[in-house]
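Scroll down for the structure; my scribbles are underneath it.
Readers should treat all values here as calculations from the given coordinates under stated rules, not as data from a laboratory. Everything numeric in this text was worked out from a predicted model, so none of it was measured. Positions of Cβ are generated from backbone atoms using ideal geometry, with glycine treated the same way; all protein chains shown enter the neighbour counts.
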Amino acid sequence: MIKSLIKYPIQFIFFILIQVFVLNNIQLSGYINPFLYVLFILWLPIEMNKALVMLLAFVLGFSVDIFSDTMGMHASASVFLAFVRPVVLRFIAPRDGYEVNQVPGIKGLGFVWFLTYAFCCVFLHHLFLFFVEVFRFSSVLSTLWRILASTGFTIVLILITQFFNYNSSETR
């Protein structure tokens, strides 16, 4: 419990700093925009209070918005991700269900489960974010291409981060 009180604020700050100072400066051909900060939301415990997850997601997204000058787009997409996260978790739940205080990760739930979870969540986040950014359906194909390319690149970064943290304890 005390480890969580120290660990989550450090992760929160780390993901904001990486997103703002490194990843926001990566834009390949205008189509690939990595958003690693969503991993903070994905790593929250499965049984965490939904209102608290949504509040943390809002603060995380709003923090990225402040530094990126994006007027609430990341905040709204992050809250949307926090809102749909329980649905995704229910949809891909193991047959025996989740353990108490389970943290989503490769070590505890397996590679295929985590890849499915991360892909669904990141795709939904990016779908919301990019359509809010464009705010029109006239360029659906180019927007879908941006969503898929950015989702793929973000998933690669998430898997690298996940494997980097693989040896850490399962109860983050």
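See the values below:
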| item | result |
| --- | --- |
| Sequence ranges 77-87, 18-28, ranked by mean other-Cβ count within 10 angstrom, highest first | 77-87, 18-28 |
| Using alpha-carbon coordinates, inclination of helix 140-164 to the longest axis of the chain, degrees | 30 degrees |
| Projected label distance in nm at Ser139 and Gln27, using a 7 Å step from Cα toward the beta-carbon | 1.1 nm |
| Likely footprinting exposure, Thr143, Thr151, fewest C-beta neighbours within 10 Å first | Thr143, Thr151 |
| Scaled radius of gyration (Cα, divided by 2.2 N^0.38 Å) that the chain gives | 1.00 |
| Gain on full stretching of the segment that runs from Asn101 to Thr116 - 0.36 nm per residue minus C-alpha separation | 3.4 nm |
| Under Karplus coefficients 6.51, -1.76 and 1.60, residue-wise ³J(HN,Hα) of segment 47-63 in Hz, glycine/proline x | 8, 5, 3, 4, 5, 5, 4, 5, 5, 4, 5, 4, 5, 4, x, 5, 5 |
| Inter-label distance, nm, simple model (7 Å from Cα along the C-beta direction), Lys7/Met48 | 1.1 nm |
| For the chain, calculated [θ]222 nm from helices alone, where every DSSP H run of n ≥ 4 adds -39500 (n - 2.57) | -22500 deg cm²/dmol |
